[in-house]
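Just below is one structure, and these are the notes that go with it.
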Amino acid sequence: MSLRMSAINIAVLSGDGIGPEIMAETLKVLAAVSQKFRLTFDFCPALFGGAAYDQHGHPFPPETQKVCDAADAILKGPIGGPKYDSIPDVNLRPERGALLPLRKRYDTFANYRPVRLPLALQDASPLKKERLGQGVDILMIRELVGGIYFGKKERGTKVLESKKEIHFALDVMEYTEDQVERIARLAFAEAQKRKVKLHNIHKSNVLQTSVFWNEVVDRIHKQEFPSVSIEHMLVDNAAYQLVVNPSQFRVMLLENMMGDILTDQAGGVLGSLGLMPSACIGPQKAYYEPAHGSAPSIAGQNIANPYSMIGSAALMLEKSFGQPAAAEAIWNALFAVFGAGYRTKELASSVTPGAKIVSTSRFGDLVVENL
Ligand code: IPM
Ligand code: MN
């Protein structure tokens, strides 16, 4: 147990769709943790994403920026939904107008996406048991503020030599040396801490940025982490290996877009994106969010699984507030609930007895009971 005198200020951005439901369960769990570990949380709610657009005409309005600036850390639910996909100005849509600017504002370059499938949850995975080995436990580390998502974007028309006019669009993929260095360092440090191999994912047979990325990774390896073993793997092969033999991976280093795609694929290996919490860490500030979207089709029904949001709060306790014991207590409680056979509807399989299928709020209560 530790004692912290001043209140910890947490910006709470519940977001859209299932966001408010899974956030409510997370705040319940944090309230229980605050009792048990004698922490004082000051929750500061603010609108973000579609909800903010509806109210203020902007998905990341100044009011919310202020709350985030003042916070010790930001807990963010999923945002967006079909309703906002047709906002005429793409820069006011939740992804381009709120999420990417949030990442940029706090330079949250390091995205940790733990992919954990304990034995108790094996029936959730679409993979055969023999593919899962001793269970899956991968830390995917995705670079989050560089590459093609943040490069120059353009649309236009140009006239070819033949005088033919053609329409075109472009997205530029660019990485600077220090952008690669800082994420590579973190990935090596995690592999070293876990005493496991680092898989560096790339596409150096085609992309200049990958050739460059690998050179920087190799230099950091040689100069700073010579004892960590590393394997370079092409991203297309990694996509294949992730399904055929996921337990070979322990720590993976990925640039932004490859990380976006392979982390969703990892969610598929687990059997649900609802099992994907994440931490987005910058030099001064961090925010925490589930890796999935707002799941509008199941919103408001009290059936979504809150694991990804509650797990994100556990990551926050560990990484922003130096409370590994409190974080561990949350993970243990989550796994205990799964271990006892409880599932929310979308995680249930043909072997889940009806009595063990619980609502979002019941799942949250069970986590609190197991703390
Ligand atoms: C994610 C999401 C975002 C991303 C979208 C919503 C812009 O898919 O966090 O993985 O691509 O980074
Ligand atoms: Mn994604």
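Just so you know, all these numbers are worked out from the coordinates, no wet-lab data involved. Small disclaimer: the values here were computed from a predicted structure and weren't measured. Backbone-built Cβ (ideal geometry, glycine too); neighbour counts: all protein chains shown.
List of remarks:
- Spatial separation of Cα centroids for the stretch 312-371 and the stretch 17-79, in angstrom: 20 Å
- Which of 292, 214, 302, positive extreme of dipole for the stretch 214-371 (C-beta unit charges): 302
- Charging the Cβ of each Asp and Glu at -1 and of each Lys and Arg at +1, and nothing else, the dipole of the stretch 269-371 about its Cα centre rounds to 140 debye.
- Pairwise label distance in nanometres, residue 211 with residue 66, each label 7 Å out on the Cα-Cβ vector: 5.1 nm
- Table column - 3J(HN,Hα) (Hz), the stretch 167-180, Karplus curve with 6.51, -1.76, 1.60, x for Gly and Pro: 8, 8, 9, 9, 10, 8, 9, 9, 10, 9, 4, 5, 5, 6
- FRET efficiency estimate (nearest 0.05) - Cβ-Cβ, residue 157 to residue 355, R0 51 angstrom: 0.25
- Backbone amide hydrogens, once placed in the peptide plane, bring residue 79 within less than 5 Å of 16, 294, excluding anything fewer than 5 places away on its chain.
- Residue among 118, 20, 82 with the largest mean-square fluctuation in a Gaussian network model of the chain, springs linking Cα atoms under 10 Å: 82
- Amide H within-cut-off set for residue 230, under 5 Å, with H built and near neighbours excluded: 198
- Unit charges at the beta carbon, dipole of the stretch 146-252: most positive-side option, 191, 201, 150: 191
- With 0.36 nm allotted per residue and the present C-alpha distance subtracted, the residue 325-residue 181 stretch has 48.8 nm of extension available.
- If a spin label sat at a point 7 angstrom from the Cα of residue 36 along the line to its beta carbon, the backbone N atoms of the stretch 279-320 nearer than 19 Å would be those of 306-320.
- Rounded to the nearest whole Hz, the Karplus-based 3J(HN,Hα) values (6.51 cos²θ - 1.76 cosθ + 1.60, θ = phi - 60°) of the stretch 219-227 follow the sequence 5, 4, 4, 4, 7, 10, 9, x, 7, with x at glycine and proline.
- Taking amide H atoms as placed 1.01 Å from N in the peptide plane, the amide H of residue 41 lies under 5 Å from those of 8, each 5 or more residues away in sequence or on another chain.
- When Rg and Dmax are taken over the Cα atoms of the stretch 146-252, they come to 18.0, 60 Å.
- Residues in the stretch 114-130 carry Karplus couplings, in order, of x, 10, 10, 10, x, 3, 4, 9, 4, 5, 6, 6, x, 7, 5, 3, 5 Hz; the curve used is 6.51 cos²θ - 1.76 cosθ + 1.60 with θ = phi - 60°, and Gly or Pro positions show x.
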